[in-house]
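The values are calculated or read from the model by the stated rules, or taken from the named source; none is laboratory data. A quick note: this is a predicted structure, and the numbers were derived from the prediction, not measured. So basically every Cβ, Gly included, is an ideal-geometry build from the backbone, and we count neighbours across all protein chains shown. Calculation scope for accessible area: heavy atoms of the full protein, side chains included, ligands and nucleic acids excluded. Shrake-Rupley method; radii C 1.70, N 1.55, O 1.52, S 1.80 Å.
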Amino acid sequence: PTKVAASTSVLSKRWKNNNLLALVDTLSFDESMVVYPNEEEAESGSDRFLDFVDKTLRNCPTKTIKKLSLSHRGGNRFTKSLGFYGWIWSAMEEQESLLEEVHLKCTRNKVNLERKLLTSNTLVKLTLSREYCLEVERVFLPALKSLSLLTVGGLDYNNYRRLIKGCPVLEELLITDISADAFDPYPPCCTAYVKSASIKRLLLHDLSYVKAPSLVYLDYSSHVFMNYRFVDLDSLAEVRLNLKLWDHHKKPNKPIFGDLRVYISNITTLHLSADSLEAFHFCCKSMPVFKNLLNLSIESNKKKGWQVMPLLLKSCPNLHTLIFMALVHRVTDKCGDACACTPNNKHKKKKKKKKKKKSKLECLETVRVGIDADNSMFLRANLLSLPIVSSNCNNIHFI
């Protein structure tokens with residue numbers, strides 16, 4: 001471990017010429033593992049932690065490290081002046097460097113990383129989290145395949161654009177807010193625009209424009225916009241949507257899909273949050289036909305209704321696998337024959353409705369349902385009583 005190697009190398013006089021850090025290829029510094037008795041001690045303790053990091057890296061050769069992780073509070077000092085950032089730049093730019101991963105996180109004081117040229121021929125993964133900001137004139141990271149910007153609110157559009165342009169083989173881009181479960185109505189400006197010929201996986205919040213011809217996987221969380229501009233997504237195969245209504249959405253509005261509608265209708269796997277189901281119901285006058293969709297998973301929430309569920313299932317004519325992450329939802333009179341809920345004691349009317357409607361899931365092969373142990377017997381009985389119209393579906397799997 002980093003701590004053992006560093007303390008042994010620093011404290012032992014007998015091993016003065018045998019630096020054990022030369023035998024280490026991974027360095028991980030995490031201040032969250034340090035317990036401070038009070039806030040005052042935490043401030044001075046954070047400075048001591050950074051001193052330890054600085055001294056450790058001075059004793060560590062830059063050519064041997066493959067992975068570096070640093071997570072800290074920031075201390076009281078002007079953080080960008082700390083010497084260990086010079087070590088990081090040297091390790092990245094070293095001709096014979098082995099450095100493949102750098103992960104930097106600061107939770108309190110803002111850290112400005114200023115470089116005229118940010119470059120590395122070996123770096124494959126880069127993560128900047130929370131208070132880290134990047135100010136660069138040029139970027140050239142020819143081997144970088146994964147870039148994560150996690151709640152980096154200080155990264156402006158120009159620096160973000162230089163960063164993306166300087167990564168010609170980038171395959172995975174994550175731009176998200178890890179600080180809260182709620183949606184942030186004022187996300188970083190860099191999330192509004194993604195344009196890359198190489199990106200295959202995207203995880204983003206509140207973007208409005210995407211052009212990514214190699215994109216295969218999209219994980220998208222957002223409040224509902226009136227229009228989305230998605231261009232050249234012909235390779236898209238899997239989508240995870242978490243769409244949330246603004247407070248003023250109380251009745252059906254303009255379609256929310258925009259250009260995304262064309263591309264998600266060709267995907268094979270779709271994951272929907274409970275908020276997305278509600279957004280579809282209030283904002284979609286029609287549902288695209290998912291003619292190639294084979295796998296559908298749906299999350300549930302007892303405060304969100306399933307009004308759109310009948311329309312959604314009928315829009316998936318070739319569905320093979322259907323997964324419900326729990327069955328709880330707000331009971332309404334518009335679930336149709338998609339579930340066995342009985343609002344306002346209308347059980348008889350519900351049964352008649354089921355007999356009249358025919359399911360469009362003849363290709364269904366697998367149904368998986370996640371249920372709580374407390375209600376397992378009741379839900380099992382209800383589900384097993386429903387008619388199975390697909391001859392290929394012999395079982396309902398409870399998880």
Review point. Could you list, in sequence order, the residues of region 163-183 that are open to solvent by 70 Å² or more (accessible area, probe 1.4 Å), touching a Leu at 6+ places or on another chain (Cβ under 9 Å) and modelled with pLDDT of 90 or more?
Key: 168
Review point. Quick one: would you say residue 151 is more than 13 Å from residue 128 (Cβ to Cβ), at pLDDT below 90, of a type in the set (S, T, N, Q) and buried (at least 19 other Cβ atoms within 10 Å of the Cβ)?
Key: no
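Do you know which of the residues in region 20-76 that are outside any helix (DSSP H, G or I) and farther than 29 Å from residue 94 by Cα is modelled with the highest pLDDT? I'd like the intermediate steps shown before the answer.
Taking region 20-76 first, the residues outside any helix (DSSP H, G or I) are 24-30, 34-38, 59-76.
Filter again for farther than 29 Å from residue 94 by Cα, leaving 34-38, 76.
Values: 34: 76, 35: 70, 36: 73, 37: 72, 38: 72, 76: 59.
My answer is 34.
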Point to revise | Failed condition for residue 262, given (1) outside any helix (DSSP H, G or I); (2) closer than 25 Å to residue 235 by Cα; (3) modelled with pLDDT under 80 | key: (1)
Revision key, fill the gap. When region 295-323 is checked residue by residue, the ones that are buried (at least 17 other Cβ atoms within 10 Å of the Cβ), modelled with pLDDT of 85 or more and assigned to a loop (DSSP other than H, G, I, E, B) are 315, 316, 319, 320
Practice item. Name, by its number, the condition in (1) in a loop (DSSP other than H, G, I, E, B); (2) open to solvent by 60 Å² or more (accessible area, probe 1.4 Å) that does not hold for residue 142. Key: (2)
Check your understanding: Restricting region 106-129 to residues that are touching a Lys or Arg at 6+ places or on another chain (Cβ under 6 Å) and open to solvent by 60 Å² or more (accessible area, probe 1.4 Å), which is nearest to residue 62 (Cα to Cα)?
Key -> 117
